[in-house]
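Below: the structure, in structure tokens.
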Amino acid sequence: MLRKAAAAFAHWIFGGTCLLCRGAAEQGLLCAACDADLPRLRQALCPRCAIPSTAGAICGRCLARPPRYDATVAALEYRFPADVLVHALKFRGELALAGLLGRLLAERIAPDPPVHLILPVPLAARRLRERGYNQALEIARYVARATGGRLAPEACERSRDTPAQIGLPWAERATNVRGAFRVPRPLDGATIAVLDDVMTTGATLDEIAGVLKDSGAARVVNWVVARTFPPG
Ligand SMILES: [Zn+2]
Ligand SMILES: [Zn+2]
């Protein structure tokens with residue numbers, strides 16, 4: 001399954017072809033079978049950080065060290081083939097995938113309570129120059145359209161570039177992003193959804209939530225396409 005799908009992915013250049021299995025995709029980028037096979041998160045999750053928890057209660061980690069964000073909505077578990085889709089958008093310039101991932105995320109977002117602003121996680125300036133686009137912003141465009149929310153990439157910016165979290169041990173990630181963001185304008189009690197492609201330790205999202213709240217945000221929720229579950 002994995003080899004077949006990976007090989008198929010390398011060849012998805014024909015319109016109407018599922019990018020995971022090369023079967024016919026009637027609409028969109030996946031065939032109905034591959035779409036149904038996506039690792040959608042259907043199990044009970046911690047409402048705060050979206051890792052599996054008994055009966056959907058707040059997890060032990062969040063009880064022991066409450067994060068500064070209030071809730072997390074995640075669409076997929078970050079494993080095959082969700083990782084293939086996220087990578088293709090992030091590193092291969094397959095921008096059409098932003099629509100697919102945005103749709104999957106929007107499906108999970110409840111209309112209540114409403115959010116005032118949707119903030120895609122800002123990309124470091126150097127990486128934005130190299131890549132030419134911010135994948136979180138591309139996904140957020142679709143989610144904003146689907147939910148009727150207001151896209152507000154200007155609500156928070158990077159104050160300095162940081163090494164990519166992906167290359168760092170989990171324990172160092174919080175230190176790496178400390179002080180990396182700033183909010184140019186007061187947020188006056190707003191509810192803000194912070195949108196990213198993948199949530200791993202949550203260190204970046206926790207740092208951003210702290211900065212938003214220090215600037216007056218009343219509530220901060222994370223909207224992430226894919227969630228990595230912590231080891232153990
Ligand atoms: Zn397929
Ligand atoms: Zn939790």
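The residue pairs whose first member lies in the range 15-43 and is open to solvent by 40 Å² or more (accessible area, probe 1.4 Å) and assigned to a loop (DSSP other than H, G, I, E, B), whose second member is hydroxyl-bearing (Ser, Thr, Tyr) and near ligand 1 (Cβ under 8 Å from one of its atoms), and whose beta carbons are closer than 6 Å, counting only pairs six or more residues apart or on different chains, do not exist in this structure. Scan the range 57-78 for residues that are open to solvent by 30 Å² or more (accessible area, probe 1.4 Å) and either farther than 23 Å from residue 100 by Cα or at pLDDT below 95 (or both) and the total you get is 10. On the stretch given as the range 112-161, residues that are out of contact with any Phe, Trp or Tyr (no Cβ under 8 Å at 6 or more places or on another chain) and part of a loop (DSSP other than H, G, I, E, B) total 17.
Selection of first residues in the range 47-67 that are under 22 Å from residue 195 (Cα atoms) and in contact (Cβ under 8 Å) with a residue 40 or more places away in the chain and of second residues that are in a loop (DSSP other than H, G, I, E, B) and open to solvent by 60 Å² or more (accessible area, probe 1.4 Å), restricted to Cβ pairs under 6 Å at least 6 apart or on distinct chains, gives the following pairs, ordered by first then second residue: 52/43. The set of residues from the range 67-109 being in contact with a helix residue (DSSP H, G or I) (Cβ under 9 Å, 6 or more places away or on another chain) and in a loop (DSSP other than H, G, I, E, B) comprises 67, 68, 69, 70, 78, 80, 81, 93, 94, 95, 96, 109.
Could you list, ordered by first residue, the pairs with Cβ atoms under 6 Å in which the first is in the range 166-192 and more than 18 Å from residue 220 (Cα to Cα) and the second is open to solvent by 30 Å² or more (accessible area, probe 1.4 Å), at least 6 apart or interchain? Within 6 Å, the pairs are 170/201; 173/165; 173/201; 176/168. Selection of first residues in the range 75-90 that are within 18 Å of residue 36 (Cβ to Cβ) and of second residues that are small (Gly, Ala, Ser) and surrounded by 20 or more Cβ atoms within 10 Å (Cβ to Cβ), restricted to Cβ pairs under 6 Å at least 6 apart or on distinct chains, gives the following pairs, ordered by first then second residue: 76/82; 76/226; 82/226.
The values are calculated or read from the model by the stated rules, or taken from the named source; none is laboratory data. Remember, it's a predicted structure, so these values are computed and weren't measured experimentally. Methodologically, a virtual Cβ is constructed for each residue, glycine included, from the backbone with ideal geometry; neighbour enumeration extends over all protein chains shown. Accessible surface areas use protein heavy atoms only, side chains included; no ligands, DNA or RNA. Shrake-Rupley method; radii C 1.70, N 1.55, O 1.52, S 1.80 Å.
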